[in-house]
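> Below you will find the structure I want to go over with you.
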């Protein structure tokens, strides 16, 4: 039987999660180096701020993977439903032993989250580019409470490394094993238009992140400071490694 595009994407992502789980996912993704840890802490703080995570807030985290960011988000005191399609990665997330009264890990496709909503915020790190964006934004709108927040950090297509990863499959397969077959990246303008079409308000898409995971330890403070400057320089900032996406469902 022929698979639909959605079924094919689902199968690819499950297989990719299995491959990652058999290695060291956080090392493969670049989060375990000193620079990677600095990047992750800043990214988690930006997402938590954009989602307005706090005690009493009910949050959906899409694509939680190994739960590394879930653990950081839990520090806000928010109640988190963390979903991922990969049973293999979720097994690693559950080993973190986060309080079950605050964090629930669910093996579930994002498209099947209706019964768990509505939420004060829907958040995630590097996950929207694995999904069908138009359908996903409509789905997020339906899962959010009025005035609820969307906040994601995603790869910036204009960044040279990200561009090469996505544009040339032979490079992706030989040099960037952490890239799954269907994932893409985003450019600010077109993504803004997609958010507007889906009905979101208060849209802010900000380029950030010049600190590469392979930055040598002695250079991390220098590159971090230089990156904060470059993030404010018109033109140059468009080549940052990531973009932070914030929006809200209107009242």
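> Testing the spin-label approximation: label points 7 Å from Cα along Cα→Cβ at residue 225 and residue 196. State their distance in nm.
Distance between label points: 4.0 nm.
> Suppose only helical runs count, i.e. DSSP H with n ≥ 4. What mean residue ellipticity at 222 nm does that imply for the chain under -39500 (n - 2.57) per run, divided by all residues and rounded to the nearest 500 deg cm²/dmol?
-11500 deg cm²/dmol
> Could I ask something else about it? With a cut-off of 8 Å between alpha carbons and a minimum separation of six or more residues, what is the relative contact order of the chain in percent?
Relative contact order of the chain: 21 percent.
> When the chain is fully extended, how far beyond the present Cα-Cα distance does residue 49 get from residue 168, taking 0.36 nm per residue of separation?
On the way: separation 119, 0.36 × 119 = 42.84 nm, distance 3.47 nm.
Once the chain is fully extended between residue 49 and residue 168, it gains 39.4 nm.
> In addition: Can you give the extra length, in nm with one decimal, that the chain gains between residue 34 and residue 101 once fully stretched, where that is 0.36 nm per residue apart less the Cα-Cα distance?
Taking 0.36 nm per residue and subtracting the Cα distance, the gain is 21.0 nm.
> Now for a separate question. Using a/c under 1.5 as the rounded threshold, could you call region 65-156 rounded, prolate or oblate? The axes a ≥ b ≥ c are square roots of the C-alpha gyration tensor eigenvalues, and prolate needs a/b larger than b/c, oblate otherwise.
Here region 65-156 falls in the prolate category.
> Quote the relative contact order of region 200-251 in percent (integer), defining contacts as alpha-carbon pairs under 8 Å separated by 6+ residues.
Computed value for region 200-251: 60 percent relative contact order.
> 7 Å from Cα along Cα→Cβ at both residue 10 and residue 145: what's the point-to-point distance in nm?
Label at residue 10, label at residue 145, 3.0 nm between them.
> Subtracting the Cα-Cα distance from 0.36 nm times the residue separation, let me have the gained length for residue 41 to residue 115 in nm, one decimal. Kindly include the intermediate steps, with their values, before the conclusion.
Working: separation 74, 0.36 × 74 = 26.64 nm, distance 3.09 nm.
Full-extension gain reported as 23.5 nm.
> What FRET efficiency would be calculated for the residue pair residue 19, residue 187, taking the C-beta separation as r and a Förster radius of 30 Å, to the nearest 0.05? Don't skip to the answer; put the middle values down first.
Details: r = 28 Å, r/R0 = 0.94.
Calculated value: 0.60.
Each value in this text was obtained by applying a stated rule to the coordinates, not by laboratory testing. Predicted, not measured: the structure shown is a model, and the values here were computed from it. Positions of Cβ are generated from backbone atoms using ideal geometry, with glycine treated the same way; all protein chains shown enter the neighbour counts.
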